Amino acid sequence: MLTLLGVAVIVVGFALRFNPLLVVVAAALTAGLAAGMTPLEVLAAFGKAFNTNRYVTIAWLVLPAIGVLERCGLQERARMTIQRLRGASAGRILLAYLLLRQFTAALGLTNVAGQAQTVRPLVAPMAEAAAEGAGPLQDADRERIKAMSAATDNVGLFFGEDIFMAIGSILLIVGFLDQSGITVEPLHLSVWAIPSAIAAFLVHGARLLLFDRKLAERRAGAPA
Amino acid sequence: MIGLPLVYLVAGAMFAAFAVLSAGDKANTRRWGNAAFWGLVAISFLLGDRLGDLGNGFLVLALALLAGTGRLGVGQPATTTPDARREMAQRLGARLFAPALVIPIITLAGTFIFKAVTFHGAPLVEAKNATLISLALAAVVAAILAQVMFQQPVAAPLQEGRRLMDLVGWAALLPQMLAALGAVFAVAGVGKTIGDLAVQWTPVDSRFAVVAAYCLGMAGFTILMGNAFAAFPVMTAGIALPLVVGRFHGDPAIVCAIGMLSGFCGTLLTPLAANFNLVPAALLQLKDRYGVIRAQAPTAVLMLVINMVLMNVLAFRV
(Lines give C-alpha, C1' and ligand atoms only; values in the text may rest on other atoms or scores of the structure.)
Protein backbone atom coordinates (compact mmCIF):
# COMPACT_ATOMS: atom_id res chain seq x y z
CA MET A 1 0.00 0.00 0.00
CA LEU A 2 2.89 2.37 0.81
CA THR A 3 4.02 2.26 -2.82
CA LEU A 4 0.90 4.28 -3.67
CA LEU A 5 2.75 7.24 -2.19
CA GLY A 6 4.62 7.31 -5.52
CA VAL A 7 1.31 7.97 -7.30
CA ALA A 8 0.45 10.61 -4.69
CA VAL A 9 3.75 12.40 -5.41
CA ILE A 10 2.85 12.49 -9.12
CA VAL A 11 -0.67 13.81 -8.53
CA VAL A 12 0.39 16.51 -6.07
CA GLY A 13 3.50 17.46 -8.05
CA PHE A 14 1.62 17.90 -11.32
CA ALA A 15 -1.27 19.70 -9.60
CA LEU A 16 1.11 22.21 -7.96
CA ARG A 17 2.96 22.56 -11.30
CA PHE A 18 6.43 21.70 -10.06
CA ASN A 19 8.86 20.88 -12.87
CA PRO A 20 7.57 17.53 -14.20
CA LEU A 21 11.06 16.03 -14.63
CA LEU A 22 11.75 16.57 -10.92
CA VAL A 23 8.29 15.25 -10.01
CA VAL A 24 8.92 12.06 -11.99
CA VAL A 25 12.29 11.42 -10.32
CA ALA A 26 10.77 12.12 -6.88
CA ALA A 27 7.88 9.73 -7.58
CA ALA A 28 10.24 6.98 -8.70
CA LEU A 29 12.35 7.40 -5.53
CA THR A 30 9.24 7.41 -3.31
CA ALA A 31 7.72 4.28 -4.85
CA GLY A 32 11.06 2.47 -4.89
CA LEU A 33 11.94 3.32 -1.27
CA ALA A 34 8.41 2.35 -0.17
CA ALA A 35 8.95 -1.02 -1.84
CA GLY A 36 12.13 -1.54 0.21
CA MET A 37 14.76 -0.64 -2.39
CA THR A 38 17.81 1.48 -1.54
CA PRO A 39 18.15 4.93 -3.20
CA LEU A 40 20.97 3.66 -5.43
CA GLU A 41 18.93 0.61 -6.46
CA VAL A 42 16.05 2.87 -7.47
CA LEU A 43 18.39 5.18 -9.39
CA ALA A 44 19.91 2.21 -11.22
CA ALA A 45 16.47 0.78 -12.08
CA PHE A 46 15.37 4.20 -13.31
CA GLY A 47 18.55 4.72 -15.34
CA LYS A 48 18.24 1.29 -16.95
CA ALA A 49 14.62 1.91 -17.97
CA PHE A 50 15.51 5.41 -19.24
CA ASN A 51 18.21 3.91 -21.45
CA THR A 52 15.98 1.18 -22.92
CA ASN A 53 13.25 3.73 -23.70
CA ARG A 54 15.44 6.07 -25.76
CA TYR A 55 13.45 5.27 -28.89
CA VAL A 56 10.63 7.45 -27.47
CA THR A 57 12.79 10.56 -27.93
CA ILE A 58 13.97 9.94 -31.52
CA ALA A 59 10.71 11.44 -32.81
CA TRP A 60 12.49 14.83 -32.42
CA LEU A 61 14.66 13.98 -35.44
CA VAL A 62 11.98 15.65 -37.59
CA LEU A 63 12.62 19.10 -36.06
CA PRO A 64 15.49 20.17 -38.39
CA ALA A 65 13.36 19.51 -41.49
CA ILE A 66 10.32 21.30 -40.04
CA GLY A 67 12.57 24.16 -38.86
CA VAL A 68 14.11 24.80 -42.29
CA LEU A 69 10.69 24.73 -43.90
CA GLU A 70 9.36 27.22 -41.35
CA ARG A 71 12.35 29.42 -42.13
CA CYS A 72 11.32 29.35 -45.78
CA GLY A 73 7.72 30.31 -44.99
CA LEU A 74 5.85 26.99 -44.66
CA GLN A 75 3.43 28.33 -42.02
CA GLU A 76 2.78 31.45 -44.13
CA ARG A 77 2.20 29.27 -47.20
CA ALA A 78 -0.27 27.12 -45.25
CA ARG A 79 -2.13 30.30 -44.24
CA MET A 80 -2.26 31.60 -47.83
CA THR A 81 -3.68 28.32 -49.09
CA ILE A 82 -6.54 28.56 -46.61
CA GLN A 83 -7.21 32.24 -47.26
CA ARG A 84 -8.04 31.40 -50.87
CA LEU A 85 -10.55 28.77 -49.78
CA ARG A 86 -14.09 30.11 -49.57
CA GLY A 87 -16.23 28.87 -46.69
CA ALA A 88 -13.24 27.76 -44.64
CA SER A 89 -13.51 28.08 -40.86
CA ALA A 90 -11.35 26.86 -38.00
CA GLY A 91 -13.90 24.19 -37.05
CA ARG A 92 -14.33 22.94 -40.63
CA ILE A 93 -10.57 22.77 -41.26
CA LEU A 94 -10.14 20.76 -38.07
CA LEU A 95 -13.11 18.55 -38.97
CA ALA A 96 -11.44 17.69 -42.27
CA TYR A 97 -8.17 16.99 -40.43
CA LEU A 98 -9.99 14.78 -37.90
CA LEU A 99 -11.38 12.66 -40.72
CA LEU A 100 -8.00 12.44 -42.45
CA ARG A 101 -6.19 11.54 -39.22
CA GLN A 102 -8.72 8.87 -38.21
CA PHE A 103 -8.72 7.38 -41.70
CA THR A 104 -4.92 7.21 -42.07
CA ALA A 105 -4.49 5.88 -38.52
CA ALA A 106 -7.06 3.18 -39.29
CA LEU A 107 -4.79 2.08 -42.16
CA GLY A 108 -1.88 1.84 -39.72
CA LEU A 109 -0.29 5.10 -40.91
CA THR A 110 0.04 6.58 -37.43
CA ASN A 111 3.39 8.26 -38.16
CA VAL A 112 2.43 10.15 -41.32
CA ALA A 113 0.97 12.96 -39.23
CA GLY A 114 1.61 14.23 -35.73
CA GLN A 115 2.06 17.20 -33.44
CA ALA A 116 5.55 18.12 -34.76
CA GLN A 117 5.09 17.01 -38.39
CA THR A 118 1.65 18.42 -39.17
CA VAL A 119 -0.06 20.26 -36.30
CA ARG A 120 2.56 22.96 -35.63
CA PRO A 121 3.66 23.70 -39.21
CA LEU A 122 0.36 23.17 -41.07
CA VAL A 123 -2.87 22.47 -39.20
CA ALA A 124 -2.73 25.11 -36.47
CA PRO A 125 -1.71 27.95 -38.86
CA MET A 126 -4.44 26.87 -41.31
CA ALA A 127 -7.10 26.85 -38.59
CA GLU A 128 -5.92 30.26 -37.34
CA ALA A 129 -5.92 31.72 -40.85
CA ALA A 130 -9.43 30.41 -41.48
CA ALA A 131 -10.68 32.03 -38.27
CA GLU A 132 -8.93 35.29 -39.17
CA GLY A 133 -10.89 35.32 -42.42
CA ALA A 134 -13.98 36.30 -40.40
CA GLY A 135 -12.24 39.15 -38.57
CA PRO A 136 -9.38 39.90 -36.16
CA LEU A 137 -8.64 37.34 -33.43
CA GLN A 138 -8.11 37.87 -29.69
CA ASP A 139 -5.01 36.24 -28.18
CA ALA A 140 -7.17 33.99 -26.00
CA ASP A 141 -8.94 32.70 -29.11
CA ARG A 142 -5.63 32.04 -30.86
CA GLU A 143 -4.69 29.89 -27.85
CA ARG A 144 -8.00 28.03 -28.02
CA ILE A 145 -7.58 27.34 -31.74
CA LYS A 146 -4.04 26.00 -31.28
CA ALA A 147 -5.08 23.83 -28.33
CA MET A 148 -8.07 22.49 -30.28
CA SER A 149 -5.77 21.66 -33.23
CA ALA A 150 -3.53 19.55 -30.98
CA ALA A 151 -6.57 17.95 -29.32
CA THR A 152 -8.05 17.04 -32.72
CA ASP A 153 -4.83 15.26 -33.70
CA ASN A 154 -4.97 13.19 -30.50
CA VAL A 155 -8.64 12.28 -30.83
CA GLY A 156 -8.19 11.29 -34.48
CA LEU A 157 -5.16 9.15 -33.68
CA PHE A 158 -6.60 7.38 -30.62
CA PHE A 159 -9.97 6.57 -32.18
CA GLY A 160 -8.50 5.53 -35.51
CA GLU A 161 -5.46 3.40 -34.77
CA ASP A 162 -7.31 0.50 -33.13
CA ILE A 163 -9.11 -0.22 -36.39
CA PHE A 164 -5.73 -1.31 -37.79
CA MET A 165 -5.17 -4.89 -36.71
CA ALA A 166 -1.38 -4.81 -36.41
CA ILE A 167 -1.23 -1.84 -34.03
CA GLY A 168 0.42 -2.28 -30.61
CA SER A 169 -2.75 -2.14 -28.54
CA ILE A 170 -4.51 -4.81 -30.60
CA LEU A 171 -1.48 -7.11 -30.42
CA LEU A 172 -1.36 -6.54 -26.65
CA ILE A 173 -5.00 -7.62 -26.31
CA VAL A 174 -4.47 -10.71 -28.48
CA GLY A 175 -1.39 -11.72 -26.49
CA PHE A 176 -3.04 -11.12 -23.13
CA LEU A 177 -6.20 -13.07 -23.98
CA ASP A 178 -4.08 -15.88 -25.41
CA GLN A 179 -2.28 -16.22 -22.05
CA SER A 180 -5.68 -16.39 -20.39
CA GLY A 181 -6.73 -19.24 -22.67
CA ILE A 182 -9.03 -17.21 -24.94
CA THR A 183 -8.26 -17.09 -28.66
CA VAL A 184 -9.40 -14.05 -30.62
CA GLU A 185 -8.50 -12.89 -34.11
CA PRO A 186 -6.93 -9.41 -34.43
CA LEU A 187 -9.49 -8.63 -37.14
CA HIS A 188 -12.34 -9.45 -34.76
CA LEU A 189 -10.95 -6.95 -32.24
CA SER A 190 -10.31 -4.18 -34.74
CA VAL A 191 -13.85 -4.48 -36.15
CA TRP A 192 -15.23 -3.72 -32.69
CA ALA A 193 -13.18 -0.54 -32.50
CA ILE A 194 -15.29 0.87 -35.36
CA PRO A 195 -18.45 1.84 -33.36
CA SER A 196 -16.36 3.91 -30.93
CA ALA A 197 -14.44 5.45 -33.86
CA ILE A 198 -17.69 6.59 -35.50
CA ALA A 199 -18.97 7.93 -32.18
CA ALA A 200 -15.69 9.83 -31.62
CA PHE A 201 -15.99 11.42 -35.08
CA LEU A 202 -19.57 12.52 -34.35
CA VAL A 203 -18.81 13.80 -30.83
CA HIS A 204 -15.60 15.65 -31.61
CA GLY A 205 -16.92 16.81 -35.02
CA ALA A 206 -19.98 18.32 -33.36
CA ARG A 207 -17.73 20.05 -30.82
CA LEU A 208 -15.64 21.51 -33.66
CA LEU A 209 -18.71 22.99 -35.35
CA LEU A 210 -19.87 24.40 -32.00
CA PHE A 211 -16.34 25.78 -31.58
CA ASP A 212 -16.88 27.92 -34.71
CA ARG A 213 -20.08 29.31 -33.23
CA LYS A 214 -18.40 30.15 -29.92
CA LEU A 215 -15.59 31.93 -31.76
CA ALA A 216 -18.20 33.98 -33.68
CA GLU A 217 -20.09 34.79 -30.46
CA ARG A 218 -16.94 35.96 -28.70
CA ARG A 219 -16.01 38.05 -31.70
CA ALA A 220 -19.48 39.69 -31.68
CA GLY A 221 -19.24 40.31 -27.94
CA ALA A 222 -15.68 41.65 -27.98
CA PRO A 223 -15.07 45.40 -28.13
CA ALA A 224 -14.03 46.36 -31.67
CA MET B 1 21.82 -5.22 -40.20
CA ILE B 2 20.59 -1.68 -39.69
CA GLY B 3 18.87 -1.29 -36.34
CA LEU B 4 18.17 1.20 -33.61
CA PRO B 5 21.90 1.76 -32.77
CA LEU B 6 22.39 3.59 -36.08
CA VAL B 7 19.31 5.74 -35.42
CA TYR B 8 20.65 6.51 -31.93
CA LEU B 9 23.95 7.55 -33.47
CA VAL B 10 22.13 10.03 -35.75
CA ALA B 11 20.00 11.34 -32.85
CA GLY B 12 23.10 11.63 -30.66
CA ALA B 13 24.87 13.63 -33.36
CA MET B 14 21.88 15.96 -33.68
CA PHE B 15 21.68 16.61 -29.93
CA ALA B 16 25.47 17.08 -29.76
CA ALA B 17 25.16 19.73 -32.48
CA PHE B 18 22.34 21.41 -30.53
CA ALA B 19 24.61 21.47 -27.47
CA VAL B 20 27.56 23.01 -29.33
CA LEU B 21 25.40 25.60 -31.09
CA SER B 22 23.70 26.44 -27.78
CA ALA B 23 27.06 27.06 -26.12
CA GLY B 24 27.91 29.64 -28.79
CA ASP B 25 24.55 31.44 -28.61
CA LYS B 26 25.41 34.68 -26.77
CA ALA B 27 21.82 35.94 -27.12
CA ASN B 28 20.71 33.25 -24.64
CA THR B 29 21.66 34.24 -21.07
CA ARG B 30 21.31 30.61 -19.95
CA ARG B 31 23.27 29.15 -22.85
CA TRP B 32 25.43 26.90 -20.64
CA GLY B 33 22.32 25.30 -19.16
CA ASN B 34 21.01 24.50 -22.64
CA ALA B 35 24.43 23.23 -23.73
CA ALA B 36 24.66 20.94 -20.68
CA PHE B 37 21.10 19.63 -21.06
CA TRP B 38 21.29 18.76 -24.79
CA GLY B 39 24.86 17.55 -24.25
CA LEU B 40 23.68 15.03 -21.66
CA VAL B 41 20.94 13.86 -24.04
CA ALA B 42 23.62 13.41 -26.72
CA ILE B 43 25.74 11.36 -24.29
CA SER B 44 22.73 9.19 -23.50
CA PHE B 45 22.18 8.43 -27.20
CA LEU B 46 25.86 7.94 -28.07
CA LEU B 47 27.17 6.16 -24.96
CA GLY B 48 24.06 5.08 -23.04
CA ASP B 49 24.82 1.38 -23.37
CA ARG B 50 28.30 1.82 -21.86
CA LEU B 51 27.36 4.01 -18.89
CA GLY B 52 25.87 1.20 -16.82
CA ASP B 53 22.50 1.38 -15.03
CA LEU B 54 23.71 3.60 -12.21
CA GLY B 55 25.58 5.89 -14.64
CA ASN B 56 22.37 6.35 -16.60
CA GLY B 57 20.56 6.98 -13.32
CA PHE B 58 22.90 9.84 -12.46
CA LEU B 59 22.55 11.19 -16.01
CA VAL B 60 18.75 11.32 -15.57
CA LEU B 61 19.16 12.96 -12.17
CA ALA B 62 21.38 15.65 -13.70
CA LEU B 63 18.82 16.29 -16.48
CA ALA B 64 16.03 16.65 -13.91
CA LEU B 65 18.09 19.00 -11.74
CA LEU B 66 19.05 21.21 -14.70
CA ALA B 67 15.39 21.46 -15.74
CA GLY B 68 14.02 21.76 -12.21
CA THR B 69 16.34 24.61 -11.21
CA GLY B 70 15.43 26.66 -14.26
CA ARG B 71 18.79 26.44 -16.03
CA LEU B 72 17.27 26.17 -19.51
CA GLY B 73 16.72 29.28 -21.61
CA VAL B 74 15.38 29.60 -25.15
CA GLY B 75 18.06 29.97 -27.80
CA GLN B 76 17.68 32.68 -30.45
CA PRO B 77 19.46 31.49 -33.60
CA ALA B 78 19.35 34.01 -36.46
CA THR B 79 16.33 33.20 -38.57
CA THR B 80 14.23 34.88 -41.28
CA THR B 81 11.88 37.79 -40.55
CA PRO B 82 8.09 37.42 -40.92
CA ASP B 83 8.24 39.64 -44.02
CA ALA B 84 10.96 37.53 -45.62
CA ARG B 85 8.91 34.41 -44.86
CA ARG B 86 5.82 35.84 -46.55
CA GLU B 87 7.90 36.79 -49.59
CA MET B 88 9.41 33.29 -49.82
CA ALA B 89 6.00 31.68 -49.33
CA GLN B 90 4.72 33.72 -52.31
CA ARG B 91 7.73 32.93 -54.46
CA LEU B 92 8.19 29.24 -53.63
CA GLY B 93 4.48 28.43 -53.67
CA ALA B 94 3.32 24.85 -53.35
CA ARG B 95 6.90 23.59 -53.73
CA LEU B 96 7.27 24.31 -50.01
CA PHE B 97 5.02 21.38 -49.22
CA ALA B 98 7.21 18.89 -51.11
CA PRO B 99 9.85 18.22 -48.41
CA ALA B 100 7.08 18.07 -45.79
CA LEU B 101 5.35 15.38 -47.82
CA VAL B 102 8.61 13.47 -48.23
CA ILE B 103 8.48 12.60 -44.51
CA PRO B 104 5.25 10.53 -44.60
CA ILE B 105 6.05 9.09 -48.04
CA ILE B 106 9.50 7.75 -47.06
CA THR B 107 8.21 6.57 -43.68
CA LEU B 108 5.44 4.67 -45.38
CA ALA B 109 7.53 3.26 -48.22
CA GLY B 110 10.39 2.33 -45.88
CA THR B 111 8.08 0.50 -43.50
CA PHE B 112 6.99 -1.85 -46.29
CA ILE B 113 10.14 -2.03 -48.43
CA PHE B 114 12.72 -2.46 -45.64
CA LYS B 115 10.96 -5.59 -44.40
CA ALA B 116 11.40 -7.21 -47.81
CA VAL B 117 15.02 -6.23 -48.56
CA THR B 118 17.73 -8.77 -47.68
CA PHE B 119 21.50 -8.59 -47.92
CA HIS B 120 23.41 -11.90 -48.14
CA GLY B 121 20.32 -13.67 -46.88
CA ALA B 122 19.92 -11.54 -43.75
CA PRO B 123 17.34 -8.76 -43.54
CA LEU B 124 18.91 -5.36 -44.19
CA VAL B 125 16.83 -3.65 -41.54
CA GLU B 126 15.53 -4.88 -38.19
CA ALA B 127 11.92 -5.76 -39.03
CA LYS B 128 10.38 -4.76 -35.70
CA ASN B 129 11.90 -1.29 -35.86
CA ALA B 130 11.32 -0.73 -39.59
CA THR B 131 8.92 2.19 -38.97
CA LEU B 132 11.21 4.03 -36.55
CA ILE B 133 14.19 3.57 -38.86
CA SER B 134 12.16 4.77 -41.84
CA LEU B 135 11.00 7.82 -39.88
CA ALA B 136 14.59 8.72 -38.99
CA LEU B 137 15.71 8.30 -42.61
CA ALA B 138 12.76 10.38 -43.81
CA ALA B 139 13.58 13.17 -41.36
CA VAL B 140 17.21 13.37 -42.50
CA VAL B 141 16.31 13.26 -46.21
CA ALA B 142 13.61 15.94 -45.80
CA ALA B 143 15.98 18.27 -43.93
CA ILE B 144 18.70 17.96 -46.60
CA LEU B 145 16.18 18.26 -49.41
CA ALA B 146 14.69 21.46 -47.94
CA GLN B 147 18.14 22.97 -47.40
CA VAL B 148 19.24 22.22 -50.98
CA MET B 149 15.94 22.94 -52.79
CA PHE B 150 15.53 26.37 -51.22
CA GLN B 151 19.27 27.20 -51.10
CA GLN B 152 19.44 27.73 -47.35
CA PRO B 153 22.68 28.03 -45.32
CA VAL B 154 24.29 24.65 -44.57
CA ALA B 155 23.82 25.13 -40.82
CA ALA B 156 20.13 26.03 -41.23
CA PRO B 157 18.67 22.57 -40.46
CA LEU B 158 20.58 22.30 -37.18
CA GLN B 159 20.06 25.93 -36.14
CA GLU B 160 16.35 25.86 -36.95
CA GLY B 161 16.05 22.45 -35.31
CA ARG B 162 17.65 23.91 -32.18
CA ARG B 163 15.22 26.85 -32.27
CA LEU B 164 12.26 24.45 -32.17
CA MET B 165 13.95 22.12 -29.66
CA ASP B 166 14.49 25.00 -27.21
CA LEU B 167 10.82 25.95 -27.53
CA VAL B 168 9.91 22.44 -26.38
CA GLY B 169 12.70 22.46 -23.78
CA TRP B 170 12.71 19.90 -20.97
CA ALA B 171 9.26 18.66 -22.04
CA ALA B 172 11.04 16.84 -24.87
CA LEU B 173 12.47 14.34 -22.38
CA LEU B 174 9.29 13.91 -20.31
CA PRO B 175 7.78 11.04 -22.35
CA GLN B 176 10.97 9.00 -21.98
CA MET B 177 11.19 9.83 -18.25
CA LEU B 178 7.58 8.73 -17.74
CA ALA B 179 8.24 5.47 -19.58
CA ALA B 180 11.12 4.87 -17.16
CA LEU B 181 8.88 5.75 -14.21
CA GLY B 182 6.40 3.15 -15.42
CA ALA B 183 9.16 0.54 -15.22
CA VAL B 184 10.06 1.55 -11.63
CA PHE B 185 6.38 1.51 -10.66
CA ALA B 186 6.13 -2.00 -12.12
CA VAL B 187 9.11 -3.19 -10.04
CA ALA B 188 7.59 -1.57 -6.93
CA GLY B 189 4.21 -3.23 -7.58
CA VAL B 190 2.21 0.01 -7.83
CA GLY B 191 -0.05 -1.22 -10.64
CA LYS B 192 -0.97 -4.40 -8.84
CA THR B 193 -1.92 -2.49 -5.68
CA ILE B 194 -4.21 -0.10 -7.57
CA GLY B 195 -5.72 -3.02 -9.49
CA ASP B 196 -6.49 -4.89 -6.24
CA LEU B 197 -8.20 -1.82 -4.83
CA ALA B 198 -10.31 -1.35 -7.98
CA VAL B 199 -11.38 -5.01 -7.85
CA GLN B 200 -12.38 -4.69 -4.19
CA TRP B 201 -14.57 -1.68 -4.94
CA THR B 202 -16.32 -3.25 -7.94
CA PRO B 203 -19.98 -4.13 -7.31
CA VAL B 204 -20.53 -7.66 -8.62
CA ASP B 205 -24.29 -8.05 -8.85
CA SER B 206 -25.37 -5.95 -11.83
CA ARG B 207 -24.20 -6.25 -15.40
CA PHE B 208 -24.10 -2.55 -16.11
CA ALA B 209 -22.24 -1.91 -12.85
CA VAL B 210 -19.38 -4.25 -13.78
CA VAL B 211 -19.22 -2.82 -17.31
CA ALA B 212 -19.08 0.70 -15.85
CA ALA B 213 -16.48 -0.36 -13.27
CA TYR B 214 -14.27 -1.86 -16.01
CA CYS B 215 -14.50 1.19 -18.29
CA LEU B 216 -14.06 3.69 -15.45
CA GLY B 217 -11.24 1.58 -14.01
CA MET B 218 -9.43 1.53 -17.38
CA ALA B 219 -9.76 5.32 -17.69
CA GLY B 220 -8.90 6.04 -14.04
CA PHE B 221 -5.89 3.74 -13.92
CA THR B 222 -4.67 5.25 -17.21
CA ILE B 223 -4.99 8.76 -15.75
CA LEU B 224 -2.83 7.71 -12.79
CA MET B 225 -0.24 5.74 -14.79
CA GLY B 226 -0.29 7.75 -18.03
CA ASN B 227 -0.61 4.70 -20.24
CA ALA B 228 -3.55 2.50 -21.23
CA PHE B 229 -1.16 -0.39 -21.95
CA ALA B 230 -0.22 -0.50 -18.23
CA ALA B 231 -3.87 -0.42 -17.19
CA PHE B 232 -5.12 -3.10 -19.57
CA PRO B 233 -3.63 -6.31 -18.10
CA VAL B 234 -4.44 -5.29 -14.51
CA MET B 235 -8.05 -4.20 -15.09
CA THR B 236 -8.86 -6.96 -17.56
CA ALA B 237 -7.54 -9.72 -15.32
CA GLY B 238 -9.18 -8.12 -12.26
CA ILE B 239 -12.61 -7.08 -13.56
CA ALA B 240 -13.26 -7.92 -17.22
CA LEU B 241 -12.38 -11.63 -17.37
CA PRO B 242 -13.91 -12.82 -14.04
CA LEU B 243 -16.98 -10.57 -14.07
CA VAL B 244 -17.89 -9.06 -17.45
CA VAL B 245 -16.89 -12.18 -19.40
CA GLY B 246 -17.03 -14.92 -16.74
CA ARG B 247 -20.17 -14.07 -14.82
CA PHE B 248 -22.23 -12.11 -17.35
CA HIS B 249 -20.95 -13.89 -20.52
CA GLY B 250 -19.76 -10.84 -22.45
CA ASP B 251 -17.92 -11.44 -25.75
CA PRO B 252 -14.21 -11.12 -24.78
CA ALA B 253 -13.17 -9.50 -28.08
CA ILE B 254 -15.80 -6.76 -27.85
CA VAL B 255 -15.21 -6.21 -24.14
CA CYS B 256 -11.43 -5.88 -24.57
CA ALA B 257 -11.58 -3.72 -27.71
CA ILE B 258 -13.94 -1.20 -26.09
CA GLY B 259 -12.12 -1.49 -22.75
CA MET B 260 -8.87 -0.42 -24.40
CA LEU B 261 -10.64 2.56 -26.01
CA SER B 262 -11.98 3.52 -22.56
CA GLY B 263 -8.36 3.59 -21.43
CA PHE B 264 -7.58 5.94 -24.34
CA CYS B 265 -10.22 8.34 -22.92
CA GLY B 266 -8.06 8.43 -19.78
CA THR B 267 -4.97 9.13 -21.91
CA LEU B 268 -6.68 12.25 -23.25
CA LEU B 269 -7.20 13.50 -19.68
CA THR B 270 -3.81 13.01 -18.03
CA PRO B 271 -0.68 15.18 -18.01
CA LEU B 272 1.24 11.91 -17.57
CA ALA B 273 0.63 11.15 -21.26
CA ALA B 274 3.16 13.89 -21.91
CA ASN B 275 3.90 13.30 -25.58
CA PHE B 276 0.23 13.73 -26.49
CA ASN B 277 -0.82 16.37 -23.98
CA LEU B 278 2.10 18.46 -22.65
CA VAL B 279 4.61 18.36 -25.52
CA PRO B 280 2.12 19.85 -28.05
CA ALA B 281 1.39 22.67 -25.57
CA ALA B 282 5.12 23.45 -25.54
CA LEU B 283 5.47 23.02 -29.30
CA LEU B 284 2.58 25.43 -29.94
CA GLN B 285 3.83 27.81 -27.21
CA LEU B 286 0.53 27.75 -25.32
CA LYS B 287 0.48 29.83 -22.14
CA ASP B 288 -1.49 27.14 -20.33
CA ARG B 289 0.54 23.94 -19.94
CA TYR B 290 -2.75 22.01 -19.63
CA GLY B 291 -4.49 23.83 -22.53
CA VAL B 292 -4.57 20.77 -24.79
CA ILE B 293 -6.08 18.61 -22.03
CA ARG B 294 -8.76 21.25 -21.43
CA ALA B 295 -9.58 21.32 -25.16
CA GLN B 296 -10.03 17.55 -25.42
CA ALA B 297 -11.57 16.82 -21.99
CA PRO B 298 -15.26 17.14 -23.04
CA THR B 299 -14.67 14.72 -25.94
CA ALA B 300 -12.89 12.27 -23.62
CA VAL B 301 -15.63 12.29 -20.96
CA LEU B 302 -18.45 11.90 -23.50
CA MET B 303 -16.57 9.07 -25.25
CA LEU B 304 -16.08 7.29 -21.93
CA VAL B 305 -19.85 7.30 -21.33
CA ILE B 306 -20.49 6.21 -24.94
CA ASN B 307 -17.99 3.36 -24.60
CA MET B 308 -19.80 2.07 -21.50
CA VAL B 309 -23.13 2.15 -23.34
CA LEU B 310 -21.62 0.51 -26.45
CA MET B 311 -20.06 -2.29 -24.39
CA ASN B 312 -23.34 -2.87 -22.57
CA VAL B 313 -25.33 -2.99 -25.84
CA LEU B 314 -22.89 -4.86 -28.11
CA ALA B 315 -21.09 -7.39 -25.90
CA PHE B 316 -24.06 -9.39 -24.59
CA ARG B 317 -26.15 -10.01 -27.69
CA VAL B 318 -26.08 -13.82 -27.62
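Overview of values
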{"item": "Whichever residue in region A:17-33 is facing chain B (nearest Cβ under 7 Å) and touching a residue at least 12 places away in the same chain (Cβ under 8 Å) and, among such residues, is farthest from the chain's Cα centre (by Cα)", "result": "A:GLY32"}
{"item": "Only one of B:THR69, B:THR131, B:THR81, B:THR118 that is among the polar types (S, T, N, Q), more than 10 Å from chain A (Cβ to nearest Cβ) and under 30 Å from B:PHE37 (Cα atoms)", "result": "B:THR81"}
{"item": "Residues of region B:234-277 satisfying the condition of being part of a helix (DSSP H, G or I), under 27 Å from A:ALA59 (Cα atoms) and not aliphatic (A, V, I, L, M)", "result": "B:SER262, B:GLY263, B:PHE264, B:CYS265, B:GLY266, B:THR267, B:ASN275, B:PHE276, B:ASN277"}
{"item": "The lone exception for B:PRO99 - which of (1) assigned to a helix (DSSP H, G or I); (2) free of Cβ contacts under 8 Å to residues at least 12 places away in the same chain; (3) within 8 Å of chain A (Cβ to nearest Cβ) it fails", "result": "(2)"}
{"item": "Which listed residue, of B:GLN176, B:GLN152, is at pLDDT 90 or above, of a type outside the set (A, V, I, L, M, F, W, C), surrounded by fewer than 22 Cβ atoms within 10 Å (Cβ to Cβ) and touching a helix residue (DSSP H, G or I) at 6+ places or on another chain (Cβ under 8 Å)", "result": "B:GLN152"}
{"item": "Complete set of residues in region B:157-173 that are buried (at least 23 other Cβ atoms within 10 Å of the Cβ) and either more than 14 Å from B:GLN76 (Cα to Cα) or free of Cβ contacts under 8 Å to residues at least 60 places away in the same chain (or both)", "result": "B:PRO157, B:ALA172, B:LEU173"}
{"item": "Yes/no for A:PHE14 being facing chain B (nearest Cβ under 7 Å), more than 24 Å from the chain's Cα centre (by Cα) and in a helix (DSSP H, G or I)", "result": "no"}
{"item": "Candidates B:GLN296, B:GLN285 - the one that is within 9 Å of chain A (Cβ to nearest Cβ), modelled with pLDDT of 95 or more and either within 30 Å of B:ARG163 (Cα to Cα) or within 16 Å of the chain's Cα centre (by Cα) (or both)", "result": "B:GLN296"}
{"item": "Residue match in region A:59-71 (condition: free of Cβ contacts under 8 Å to residues at least 60 places away in the same chain and more than 7 Å from chain B (Cβ to nearest Cβ))", "result": "yes"}
{"item": "Candidates A:ALA150, A:ALA199, A:ALA131, filtered to the one that is facing another protein chain (nearest Cβ under 9 Å), part of a helix (DSSP H, G or I), within 21 Å of A:THR81 (Cα to Cα) and of a type in the set (A, V, I, L, M)", "result": "A:ALA150"}
{"item": "Residues within region A:160-191 that are at the interface with chain B (Cβ under 7 Å from one of its Cβ atoms), within 18 Å of B:LEU310 (Cα to Cα) and buried (at least 24 other Cβ atoms within 10 Å of the Cβ), tallied", "result": "2"}
{"item": "Verdict on A:ALA96 being buried (at least 22 other Cβ atoms within 10 Å of the Cβ) and either assigned by TED's automatic domain parsing to the domain that holds A:PRO121 or aliphatic (A, V, I, L, M) (or both)", "result": "no"}
{"item": "Residue in region B:116-128 that is modelled with the lowest pLDDT, counting only those that are closer than 22 Å to A:ALA166 by Cα, surrounded by fewer than 17 Cβ atoms within 10 Å (Cβ to Cβ) and not aliphatic (A, V, I, L, M)", "result": "B:LYS128"}
{"item": "Options B:ALA143, B:ALA183: the member that is in a helix (DSSP H, G or I), not hydroxyl-bearing (Ser, Thr, Tyr) and not assigned by TED's automatic domain parsing to the domain that holds B:ILE103", "result": "B:ALA183"}
{"item": "Failed item, numbered, when B:MET88 is tested on (1) touching a residue at least 60 places away in the same chain (Cβ under 8 Å); (2) within 30 Å of A:ILE10 (Cβ to Cβ)", "result": "(2)"}
{"item": "Matching entry among B:ILE239, B:ILE223 (being touching a residue at least 40 places away in the same chain (Cβ under 8 Å), more than 24 Å from A:VAL123 (Cα to Cα) and facing another protein chain (nearest Cβ under 10 Å))", "result": "B:ILE223"}
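The values are calculated or read from the model by the stated rules, or taken from the named source; none is laboratory data. Computed from a prediction, not measured in an experiment: that's the story for all the values here. Cβ sites come from the backbone with ideal geometry, for glycine too, and all protein chains shown count toward neighbours.
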